[in-house]
Amino acid sequence: MDFNIDSWLNLVIRWFHVMAGILWIGTSFFFIWLDNVLQPLPEGGKGHVGKAWLFHGGGFYQVEKSIQAPASILASLHWFKWEAYLTWLSGFALLIVVYWWRADLYMVNPAVAQLSKAQAIGVGLGALVVGWLVYDGLWRWLAERNPKVALVLSLLLYVGTAYALTQLLSGRAAFVTSGAMLGTIMAANVAMVIMPNQRKMYAAATAGGEADPRLSYQAKRRSTHNNYLTLPVIFMMISNHFSMTWGHAMNWLILVVMFGVGIGVDHYINCRDKGRKGAGYVALAAALAGLLAMVWFTATPAPAPPAAGTATTSGAAATPVSFAAVQGIITARCIECHSAHPTSKLFPIAPNGMKFDTPAEIQQAAAKIKLMAIDTQAMPLGNLTHMTAEQRATLAAWLGQGASIPAKE
């Protein structure tokens, strides 16, 4: 078997990214939960926020939060930052290795926009940089005066960005780039707001003074934003395995609704922890309604208009399609990757174990062929083998006629 550096880089960086992400997400959710359950004590003193008792691993833990601290404890402080930094760095490396390295395959879709490889990468990089600058500027400028307006504007700007990305990049790349943009905002919140504010609070405590309470409030607000963005980002990161989302004709709507579903689930968790179960159930019901709507929506894909010179659905159904014609298309357009012995330099083994060497294997994969080559047109990857609209129509007609193969003699 040929050595494949792309696959090994993908595996190692992805593994590291998942491990770092687990650490970051775990600490983020833990501290948000802790903030939600802290009980203020009358005798807590200046700067006291609240206290909680925890039970885990066979022991009792007492945790107290304060925005002021005596200088005597500063040497033993535990800081939380590298989880965020390593998650973003490994995610950015993965974005380069998987998407930017093969931008012509994974990011460019001529049916969506006529972009060069460099232009597609520029769109992706621009989303990361501009996304952070606009978000940060908005919350620095407006949040103190009217946080509700800042929130509404942020959500509207995200909807516009999601739509723009799906009109410029391939569906797969648009979803992942959206997640990378939100992940960049989360990591930059840590690096540009949370950590600088904490350093100022630390310096004040070291000098024996009192920290400005606004520093704590601002850091907490950005930390809360990160918490609410976590579940949408996870969806976007795993969406590349599910073409019925990014491959749909209305993929921007699916992206926006699933963004809302993630936020709704997170809001339910936070409301439940705060004891506001009514608001939590409303958020959960809205999230489930959005999820069910998307399940129904993707189960009934909008039919693509027939290409010039192709038969209509009724015409195709009236004319039987021979399996020889289908096998010829698959041999010309698919077998390069989906074979026991692929000839493609991209895949040393058949992706997902899907092989089309025999009629039985082709028939067994009929549902997958319909999803990937007809409904979403996600395959061939980047249409590298130039499958035509007429060939897709032929496959669709064969599938509609029962996907029959010659009987064994």
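At-a-glance table
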read-out	value
Condition check for L86: touching a helix residue (DSSP H, G or I) at 6+ places or on another chain (Cβ under 6 Å), surrounded by 19 or more Cβ atoms within 10 Å (Cβ to Cβ) and modelled with pLDDT of 90 or more	no
Tally, over region 103-128, of residues that are free of Cβ contacts under 8 Å to residues at least 12 places away in the same chain and under 20 Å from the mean Cα position of the chain (by Cα)	3
Top-ranked residue of region 381-397 - restricted to ones that are at pLDDT 85 or above and of a type outside the set (G, A, S), ranked as surrounded by the most Cβ atoms within 10 Å (Cβ to Cβ)	L395
Residue count, region 281-297 (criterion: under 22 Å from W33 (Cβ atoms) and either at pLDDT below 95 or not in a helix (DSSP H, G or I) (or both))	0
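The values are calculated or read from the model by the stated rules, or taken from the named source; none is laboratory data. Treat the numbers as computed from the prediction; the structure is a model and nothing was measured. In this analysis, Cβ positions are derived from the backbone assuming ideal geometry, glycine residues included, and neighbour counts consider all displayed protein chains.
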